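Data block below; observations after.
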Amino acid sequence: MSLFEKPDLISSAADRKERLKELFSDYPSDVLQIIENMPPSSLYENAIHDIPVEEPWSDGSVVLIGDAAHAMTPGIGQGANQGLEDACELAGLL
C-alpha cells in the first residue's frame with residue numbers, strides 16, 4: 001500500500017472487537033477475557049504508514065531531531081523519548 005492509498009479499515013466497532021478476538025485467540029484466557037469485557041466503542045483503529053527517512057537532517061544552524069527527523073509509530077510511545085535522546089546527543093557534540 002502506498003502512503004496515499006486508502007487502507008482497508010474495519011468501520012464497525014463490533015467487527016473490530018471480533019477481529020481483535022481472532023488476533024488474540026491463541027493467547028491465555030485472561031487476555032481473551034479482557035477483550036471480551038472491552039466495550040466495542042473503546043476500540044480504535046487507524047492506518048500507520050512507514051515514511052522514508054530524509055537526509056540531511058541539518059542545514060546550517062538548523063537541525064531536525066525527534067519525530068521531525070525519524071518519526072515513530074504511535075503505538076510504541078517513543079517519539080518524545082527519541083527527541084530527548086537526540087537533544088542529549090546533539091548537546092554532547094556542540
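FYI, it's all coordinate maths here, none of it is from the lab. Predicted, not measured: the structure shown is a model, and the values here were computed from it. So basically every Cβ, Gly included, is an ideal-geometry build from the backbone, and we count neighbours across all protein chains shown.
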*Largest first and in whole Å, give the semi-axes of the chain's equivalent ellipsoid, each being the square root of 5 times a Cα gyration tensor eigenvalue.*
38, 18, 10
*Over the chain: helical MRE at 222 nm, DSSP H runs n ≥ 4 each giving -39500 (n - 2.57), nearest 500*: -11500 deg cm²/dmol
*Only residues of region 40-68 count here: report those whose backbone N is under 15 Å from the spot 7 Å along Cα→Cβ of Q78, or say none.*
50-51, 53, 66-68
*Nearest 20 debye, what's the magnitude of the dipole of the chain about its Cα centre given +1 on Lys and Arg Cβ and -1 on Asp and Glu Cβ?*
360
